[in-house]
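The values are calculated or read from the model by the stated rules, or taken from the named source; none is laboratory data. Everything numeric here is computed off the predicted structure, so don't read it as measured data. Using ideal geometry, Cβ is built from the backbone for each residue, glycine included, and neighbour counts are taken over all protein chains shown. Surface areas here come from the heavy atoms of the whole protein model, side chains and all, with no ligands, DNA or RNA. Shrake-Rupley method; radii C 1.70, N 1.55, O 1.52, S 1.80 Å.
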Amino acid sequence: MNGRSMNALRVVGLCATLPLVLAACLAHPPAPVSERSLVDGPMPDVYAVQKYDTLYSVAWRYELDVVDLAARNGIKAPYVIKTGQRIALTGMGPPPPLPKPAVQPAKPPEPATPVATDRPVEPGKAVVTAKAPPVVVPVPVAKPLVVPKPTVTTPEAPRSTPTAPPQSADPVPTAPPAKPAVADPTPASAQPEVPPTVTDGGWRRPVAAKPVRGFGGSSKGLDYSLRTGTTIQAATSGVVVYAGPGLGGFRHLVIVKASERHLVAYGVNVRPNVKEGDTVRRGDAIARAGSGATGGQFHFEVRDRGKPIDPNSLLGS
């Protein structure tokens, strides 16, 4: 067999084994980790509130400062919004209300038409024209004024010294005076206070693993691919202001208000351990990574007055 035949056999063998190699590679694809916090399309001028929305999640979606967004729409703390409410994302002042349908005025009643008579007139008699009956306007009759009779008070005769009433065998105990009601100092609608900013020592990394994608470019935070059972911890203390459907692809999103300027987000594909209104401390468990291709994906993000910042600048090396 010459050399040309040997080369032809090698090419045929390579082509036969290539599909097997590709199938083996596709059998175990790497877990995709992509940026999940972006919103497709430009920001609209007006946003209609959807189910599960909070003002914090709306501000997060469009990278707005929640304080500025609330002031633009005249929404007072604790920033309660309702489904269907229209929120102005741009411009000044709340969006104008929808125009009401015009109401046509009622038509005035038509005057009565006199009915002509065809009764024959006898000779020698004058014709009498019927007149419209006079309109009688009822005049209210004043009721006679009734003057109450003066009450004559007869002076009472001086009483003798009262005697103590006979005591019963079983005296009835008197109830103690009721204590004044005290208002609840922390109503349910009020949110716990947060500091103006987080101190330098108030941050920690949410997980010990190394991120598979860092901050920069189209990435607004840090992306991780965690092992099953890895605990995702709170990077700083704060109040949970949103815990609901994820934005941009994650099944669940938790937003924690850490200070008046900082919001921290945890995007996971497993059910979180916290709910809206909970107070979390630095190191508390937010969620635990699950199994499967997407169960270990975790997105961590920090916003400063609505804008994404590099978490490494706060967490350190």
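A few comments on the model shown:
- Candidates A289, A285, A293, A234, filtered to the one that is at pLDDT 95 or above and either touching a helix residue (DSSP H, G or I) at 6+ places or on another chain (Cβ under 7 Å) or more than 26 Å from P78 (Cα to Cα) (or both): A289
- Here S57, S37 are screened, and the one residue that is surrounded by 17 or more Cβ atoms within 10 Å (Cβ to Cβ) and modelled with pLDDT under 90 is S37.
- Looking only at region 254-299, residues that are part of a loop (DSSP other than H, G, I, E, B) and buried (at least 22 other Cβ atoms within 10 Å of the Cβ) come to 3 in all.
- Taking region 235-245 as the range and being outside any strand (DSSP E or B) and open to solvent by 20 Å² or more (accessible area, probe 1.4 Å) as the test, only S237 passes.
- Only residues that are within 13 Å of T54 (Cβ to Cβ), modelled with pLDDT under 95 and of a type in the set (A, V, I, L, M, F, W, C) were counted across region 244-275, and they come to 1.
- Count of residues meeting criterion [part of a loop (DSSP other than H, G, I, E, B), within 22 Å of V264 (Cα to Cα) and small (G, A, S)] in region 56-95: 1
- Some residue of region 219-233 being part of a loop (DSSP other than H, G, I, E, B), in contact with a Phe, Trp or Tyr (Cβ under 6 Å, 6 or more places away or on another chain) and open to solvent by less than 30 Å² (accessible area, probe 1.4 Å): yes
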